[in-house]
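The next block holds one structure in the form of structure tokens; read it before the comments.
The values are calculated or read from the model by the stated rules, or taken from the named source; none is laboratory data. Since the structure is predicted, the reported quantities are computational estimates derived from the model, not experimental observations. Using ideal geometry, Cβ is built from the backbone for each residue, glycine included, and neighbour counts are taken over all protein chains shown. In case anyone asks, the SASA skips ligands and DNA or RNA and just uses the protein heavy atoms, side chains included. Shrake-Rupley method; radii C 1.70, N 1.55, O 1.52, S 1.80 Å.
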Amino acid sequence: CIQCGCCLEICPNFYPGGKFFGMAAVPVTTRLLTELPKDVRKEITKGYSKHVFAGCGKSLACKDICPRHIDTEKLLVNSNAMAIWKRR
């Protein structure tokens, strides 16, 4: 992710100042969930649940707009598995 924000502009659920951080936050969060110690991941998981999982309507408009062709659907599924269902 190059943090270009294209995914935020096309997302029907994102708006500046809202609780949903958008897909731009998912690559960074995923990296943190996989690399940090378990006790630190607990806090990140709370934030992920509140600011990503609860806000994403899964329209996947971000998937087609990404200039890096990141498979946002797969990234979201993997992040949800780690943060919400505690699986890797």
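Annotations for the structure displayed:
- Nearest-ten-degree value, helix 26-35 long axis tilted from longest Cα axis of the chain: 20 degrees
- Acute angle (nearest 10 degrees) that the helix 38-48 long axis makes with the longest principal axis of the chain, alpha-carbon atoms: 30 degrees
- Counting only residues at least eight positions apart within a chain, or on another chain, the lysines with an alpha carbon under 17 Å from that of residue 86 are 38, 42, 46, 50, 74.
- Accessible-area rank, largest first, for 51, 69: 69, 51, with all protein chains present and a 1.4 angstrom probe.
- Accessible area ranking (1.4 Å probe, heavy atoms, ligands and nucleic acids excluded), largest first, for 49, 79: 49, 79.
- Reduced Cα scattering model of the chain, Debye log10 I(q)/I(0), q = 0.11, 0.17, 0.23 Å⁻¹: -0.27, -0.65, -1.15
- The listed peptides 40-47, 4-11, 20-27, ordered by packing as a protection proxy, come out as 20-27, 4-11, 40-47 (highest mean of other Cβ atoms within 10 Å first).
- In degrees, nearest ten, helix 72-83 long axis to first principal axis of the chain (Cα): 20 degrees
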